[in-house]
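The values are calculated or read from the model by the stated rules, or taken from the named source; none is laboratory data. These numbers were taken from a predicted model, which means no experiment stands behind them. Here Cβ is always computed from backbone atoms with ideal geometry, including for glycine, and neighbour counts include all displayed protein chains. Note: accessible area is taken over every heavy atom of the protein model, side chains too, but ligands, DNA and RNA are not part of it. Shrake-Rupley method; radii C 1.70, N 1.55, O 1.52, S 1.80 Å.
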Amino acid sequence: MGHGGGGALSAELVEHLFAPAFGGEVLAQLGDSAALSLGGVRLAFSTDSYVVRPLFFPGGSIGDLAVNGTVNDLAMSGAAAAYLSCGFILEEGVEVSVVARVAEALGAAARAAGVEVATGDTKVVESGHGDGVYINTAGIGLIPDGVDLRPQRVVPGDVVIVSGEIGLHGVAIMSVREGLEFGVDVESDCAALGGLVRTMLAVTPDLHVLRDPTRGGLAASLNEIAAASGTGVVIHEGRVPVPAAVGNACAILGLDPLYVANEGKLVAFVPREHADAVLDAMRAHPLGRHAAVIGEAVSAHPGLVVARTGLGGTRVVDLPIGEQLPRIC
Amino acid sequence: MKYIDEFQDPELARRLLDDIHATVTRPWALMEVCGGQTHTIIRHGIDQLLPEQVELIHGPGCPVCVTPLEVIDKALEIASRPDVIFCSFGDMLRVPGTGRDLFQVRSEGGDVRVVYSPLDALRIAQDNPGREVVFFGIGFETTAPPNAMTVYQAKKLGIRNFSLLVSHVRVPPAIEAIMRSPSCRVQGFLAAGHVCSVMGVGEYPELAARHRVPIVVTGFEPLDILEGVRRAVRQLERGEHTVDNAYARAVRPEGNPAALAMLEDVFEVTDRAWRGIGVIPDSGWRLSARYREYDAEHRFSVTGIKTLEPAECRSGEVLQGLLKPHECEAFGTLCTPRSPLGATMVSSEGACAAYYLYRRLELTPATTAVSPEASPVA
């Protein structure tokens, strides 16, 4: 299971097993989506599979995730998603009404994101071989001229901006999956980020890299960027927006909000001279109201992410190994 | 964040630090007993902010770390049985037994489940009357009462398919063992606040007097730790050695009478082995005779287990405060959270894990320290 957690084990599986087996220069870039050139047109192309229990959770459903997740992967290349494919894997015995609710949620999310489901597929597996519904989506979109979002473009001095409060999706899922209640209702932040990215690119097409910190959380995304760019990253813990309910839930369970999954947030590395204008534009967008500068890229400690603690100490923020495990006491 | 932010306030922390700096005149070695305190210290960089004369020594209080390899192997054997649903807190799943861990048992088909309360395991037993449900009952005085309550409930409700694999340990005998060690350097203790919230402080005055060490009952947030250090250092500078409760918001001197009654009913004190340390007299609990039928070791007859500790692992010395994690030759090379030799590297409260996760920057010679350019941005 650890290999699916979005941490070090996931990265090793992709880098050491899949990438060598499949070959190809495009795949070797290991971005959230692949940047392609086809007939002189620059395309972003991405696929993701969605496995979540329960299928419906506070703030969304597997249908919303299946659209927003892939739309966001494309958005991290600067592309507006144009078309999606959609593959349903249904477990024998799942109620048709459940499938219908998922499909309706998926359709509504697609319309909201301005993307069309253009092709699809359905398979049914035997009872006991699935969690009701699995969905795979793939998407394509155009990358605007002048936009080149890659971790290799990050340079020391870049400002790190996160688009809002972190940890909501992971805590919302835990609250319903494990029967935990935290005194406050926490809803998933599941949302399509294409509009927010377009707003940011309108300020400057010269953003260096974008990532949506899903599994493995903000810590995993920052580590991926640090490793791929060869720069160090310093964040200031006190500046990372963590909602009270998420902070409390994490404190109770012994988890670190930096590692908790998000489904509607992005982290951006922005040239310092554009940072203020980009931040202002983000805060004017509904999905960027709580955007905050949380740190910067540095030349020291290449490949490592370091947090300055609220008290003035420092610590390494490592790539998680697999899923975080709740503590005993 | 109510009840959390208040105890992480940088301005209040600065005041406490200033007081500690002003008080200290010579070197002192304090042991924080609990692994949760160790992680707060390392995660927030508290040890970097204290005066050089104040050394924090990490104690044996990580329940995952001190669970003997033999017990882990028993858990692995029981969890592998097809008729068993094995329930555990999450952080036991990655702890290496001899050759494998509970995650591996699960990947091989074992029904291993993470629960957040032992009562969840009891509910699973009620829902699965045809299967044996075992809960992995480890930990200190903090986790023992709910586990005792669960066994009490099982008996009261007549649930026969539930049992406890028990490896509970007690803090005061461990402090006694540390102080008796000829190589002990500890001059004062930050006692674990959550343990005292259950047990009270009644066991500590005699320890403090006998070994002439201040014992300050301390919480787990950064300000709790700093206040604990401040009070311990003050006592040391004055030549005092009393028990001081710096965690009064959670700890009453008499502890929690209901929890104590439950412990007394269900458990009895016994000698216990501590991983990496050895057997400490009267340092553990086992199920009392009235509840012996709920003991998983008896029910599954897991005997004849031969354990093999990796020779390179020096976690026992780390747990006794005799060695800092990075002073172990295997640290960060042979032993990492990915391929741990000992539980101290894999437990979320383990001192080795804390150093590896948070301190690699200073401990890895190849990297440089945080440069001035890593200053706060506007």
Interface size B-A, as summed buried accessible area [1.4 Å probe, Å², nearest 100]: 3900
Carbon plus sulfur fraction of accessible area for the stretch B:260-372, probe 1.4 Å, in percent: 53
Where chain A is the region considered: accessible area per residue in Å², 1.4 Å probe: 40
Taking only Cα atoms of the stretch B:112-154, radius of gyration then Dmax in Å: 10.3, 32
Of all accessible heavy-atom area on the stretch A:35-135, the percent that carbon and sulfur account for (1.4 Å): 55
Solvent accessible area, Å² - B:His21, 1.4 Å probe, full protein context: 90
Order of exposure, largest accessible area first, which applies to B:Arg170, B:Arg180, B:Arg249 with probe 1.4 Å: B:Arg180, B:Arg249, B:Arg170
Residue order for B:Lys74, B:Lys306 - accessible surface, 1.4 angstrom probe, largest first: B:Lys306, B:Lys74
Share of alpha-carbon pairs per 5 Å distance bin for the stretch A:263-329, given as whole %: 3, 11, 17, 17, 19, 18, 9, 4, 1, 0
Estimated distance in nm for a label pair at B:Tyr116 and A:Glu25, the labels positioned 7 Å out from Cα along Cα-to-Cβ: 5.0
Chain B, relative contact order in percent, only Cα pairs under 8 angstrom and at least six apart counted: 22
Tail fraction, Cα-Cα pairs, the stretch A:32-124, threshold 16 Å, whole percent: 56
Charge context of A:Gly146, other residues only, Cβ under 15 angstrom, K/R +1, D/E -1: +1
Accessible surface, 1.4 Å probe, highest first, among residues A:Cys329, A:Cys190: A:Cys329, A:Cys190
Residue among A:Thr70, A:Thr47, A:Thr122 with the largest mean-square fluctuation in a Gaussian network model of chain A, springs linking Cα atoms under 10 Å: A:Thr122
Residues of type aspartates and glutamates that B:Lys155 reaches as a straight line, Cα spacing below 20 Å, ignoring anything fewer than 8 places off in the same chain: B:Asp120, B:Asp127, B:Glu132, B:Glu264, B:Asp265, B:Glu268, B:Glu293, B:Asp295, B:Glu297
Crossing angle, helix B:257-266 versus chain B [Cα axis fit, 0-90 degrees, rounded to tens]: 40
Expected 222 nm ellipticity per residue - DSSP helices of 4 or more, -39500 (n - 2.57), all of chain B, to 500: -11000 deg cm²/dmol
Per principal axis, descending, Cα span of the stretch B:204-309 in whole Å: 54, 37, 29
Reference-scaled alpha-carbon Rg (2.2 N^0.38 Å with N residues) for the stretch B:290-360: 1.44
From phi via Karplus (6.51, -1.76, 1.60), per-residue ³J(HN,Hα) for the stretch B:97-104 in Hz, x at Gly/Pro: x, 6, x, 7, 9, 5, 4, 5
Amide N proximity, the stretch B:281-297 versus B:Asp83 label position 7 Å along Cα-to-Cβ, cut-off under 15 Å: B:296-297
Percent of Cα-Cα distances greater than 39 Å, calculated over chain B: 18
Alpha carbon centroid spacing (whole Å) that separates the stretch A:167-197 from the stretch A:284-303: 21
Contact order normalised by residue count of chain A, Cα under 8 Å, 6+ apart, percent: 23
Cysteines (scope chain B) whose Cβ has no counterpart Cys Cβ under 4.7 Å: B:Cys34, B:Cys87, B:Cys184, B:Cys196, B:Cys313, B:Cys328, B:Cys335, B:Cys352
Cα convex hull of the stretch A:100-145 - mean projected area over all directions, nm²: 4.4
Amide H contacts of B:Gly137 (H built 1.01 Å from N, under 5 Å, at least 5 apart or other chain): B:Leu165, B:Val166, B:Ser167
All lysines inside 27 Å of B:Lys306 as judged from Cα atoms, apart from same-chain residues fewer than 8 positions distant: B:Lys74
The stretch A:138-154 - phi-based ³J(HN,Hα) in whole Hz, Karplus 6.51/-1.76/1.60, Gly and Pro as x: 10, x, 10, x, 8, 8, x, 4, x, 9, 9, 9, 8, x, 5, 8, 5
Whole-angstrom gap from the stretch B:89-119 to the stretch B:23-83, using each part's C-alpha centre: 21
Alpha-carbon centroid distance for the pair the stretch B:120-182 / the stretch A:208-258, whole angstrom: 35
For chain A, alpha-carbon Rg and Dmax in angstrom: 19.1, 59
Square roots of 5 times each gyration tensor eigenvalue, C-alpha, the protein assembly as shown, largest first, Å: 44, 33, 22
The stretch A:22-66 - percent relative contact order, Cα under 8 Å, separation 6 or more: 23
With all protein chains modelled, accessible area of B:Glu70 [1.4 Å, Å²]: 80
